[in-house]
1. Can you list residue pairs whose Cβ atoms sit under 7 Å apart, with the first residue in segment 77-98 being farther than 19 Å from LEU128 by Cα and the second being surrounded by 14 or more Cβ atoms within 10 Å (Cβ to Cβ) and of a type in the set (D, E, K, R)? Count only pairs 6 or more apart in sequence or on different chains.
2. Tell me which of these VAL279 doesn't satisfy, since it passes every other one: (1) within 16 Å of the chain's Cα centre (by Cα); (2) part of a helix (DSSP H, G or I); (3) within 14 Å of ARG181 (Cβ to Cβ).
3. May I ask you to say which residue of SER187, SER215, SER250 is crowded, with 23+ Cβ neighbours inside 10 Å, out of contact with any Asp or Glu (no Cβ under 7 Å at 6 or more places or on another chain) and at positive phi?
4. Quick one: which of PRO328, PRO334 is outside any helix (DSSP H, G or I), in contact (Cβ under 8 Å) with a residue 60 or more places away in the chain and closer than 28 Å to ALA144 by Cα?
5. So, in segment 135-149, how many residues would count as being among the aromatic types (Phe, Trp, Tyr) and buried (at least 24 other Cβ atoms within 10 Å of the Cβ)?
6. Output the strands (runs of 3 or more DSSP E) that fall wholly within segment 68-134 and possess 3 or more residues being aromatic (Phe, Trp, Tyr) and either touching a helix residue (DSSP H, G or I) at 6+ places or on another chain (Cβ under 6 Å) or crowded, with 16+ Cβ neighbours inside 10 Å (or both), or say none.
7. Can you tell me which condition GLY315 does not meet? The list is (1) touching a strand residue (DSSP E or B) at 6+ places or on another chain (Cβ under 6 Å); (2) outside any helix (DSSP H, G or I); (3) closer than 19 Å to VAL212 by Cα; (4) of a type outside the set (Lys, Arg), and all the others hold.
8. For segment 244-280, what are the residues that are touching a Cys at 6+ places or on another chain (Cβ under 8 Å) and under 23 Å from HIS130 (Cβ atoms)?
Amino acid sequence: MIAMRNRLRPTTLWMIALALIASVTQPAIALQPAARQVPVPTFQSDPAAIPVAPQSPSVAVPHPSLDAIQLFCYDRNLPIDARMEPYRSNAQYRAWTVSYYSANDQRVPAILVEPATRPAGKMPCILLMHGLGMNKLGLQMMWATFVQKGYALLAIDAQYHGDRKPKETLDLFGLHPYATRDMLVQSIVDIRRGVDFLQTLPEIDPDRIGYVGFSMGGILGSVACGVDERFKAPVLCLAGGNFRLMVETSEIGPAKNARAAGLKPDASVWYAMDAVDPVRWIPFVSPRPVLFVNGDHDVIVPVACAKALHAAAKGPKQIFWYQGDHVPPTFAFPKILSAITNWLDAHLKG
């Protein structure tokens, strides 16, 4: 692994860790019917030799004839109606607050970040997606790392997050599976509309748009990059698939509390979650390459769920295992960020 050109300071690493910790203390996910027949592969061990839990029996729920991909479709000719205001400027980057029109009468709040000194020609851009309970600013401690490498960034608020947070608390990834599914579907459409917005900017190269997502952001990216070929070489960090296994084994708050209370999700939960399960959509990223980053002792997105997602990806793919839980230990951050930037350089600049 090539060493990072700019080593992160310990305080920066702890800021990243605290941001990720905040994301795993929040509520969780769920989904809707599917019809596209993407086979879920048999679990197999990889070189990391991490045991994989057996997959739970499937629930006998009939699937409608509607192709599930239509959940993520929208009118491409809708006006983007982007609005931008200066947000922050320093020696490393310039940032703007952005909002743009998505679908279903939704406006998406976002932050656009560009290097303070633009490189010659059009820039590659990364859509940077936060985790559960976070927002578009949750990963801002990484901005400098990316802009120093010549990348622009677009970070958005997922539905029910940040400036879009509802008045009433929703038990995402818990007792409200259809609300969770709807949140995921809307956020995936919003991510695709983010690409529409980026393609209106003259300084952005429309053929070099990457994706980096953490935790829920990685889960969203597994689907968004599967249904939208405009994303090149996605990086999916701390993500997993097989939602049933995740709900039954994850230590994330809503799932853990429901199990402790003796509540067992019924068939409607799996019916809701099925169409947005990342294992259904990650095969369609191929033949584009994908990088997975996961912890070998993750209990929030359990290792078995991470391996289910890895196995479902057709390739080319690369898997980076770090030693640790859902929040990587401080010593692992430089290697993780180096792996990500090296990957992006190879596939968006090479």
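1. Taking only residues 6 or more apart or on different chains, the pairs are ILE80/ASP196.
2. Answer for VAL279: the failing condition is (3).
3. Numbers: SER187 fails: at positive phi; SER250 fails: at positive phi.
Answer to the check: SER215.
4. Every option except PRO328 fails the conditions.
5. So in segment 135-149, the residues among the aromatic types (Phe, Trp, Tyr) come out as 143, 146.
Filter again for buried (at least 24 other Cβ atoms within 10 Å of the Cβ), leaving 146.
The number of residues fulfilling the criteria is 1.
6. Details: elements: 83-89, 93-101, 107-115, 123-129.
Here the list reads 93-101.
7. (1)
8. As a first pass, look at segment 244-280 and keep what is touching a Cys at 6+ places or on another chain (Cβ under 8 Å): 245-246, 249-250.
Of everything in segment 244-280, those that are touching a Cys at 6+ places or on another chain (Cβ under 8 Å) and under 23 Å from HIS130 (Cβ atoms) turn out to be MET246, SER250.
The values are calculated or read from the model by the stated rules, or taken from the named source; none is laboratory data. Fair warning: this is a prediction, and the values are worked out from it, not measured in the lab. All Cβ positions, even for glycine, are placed from backbone atoms using ideal geometry, and neighbour counts span all protein chains on display.
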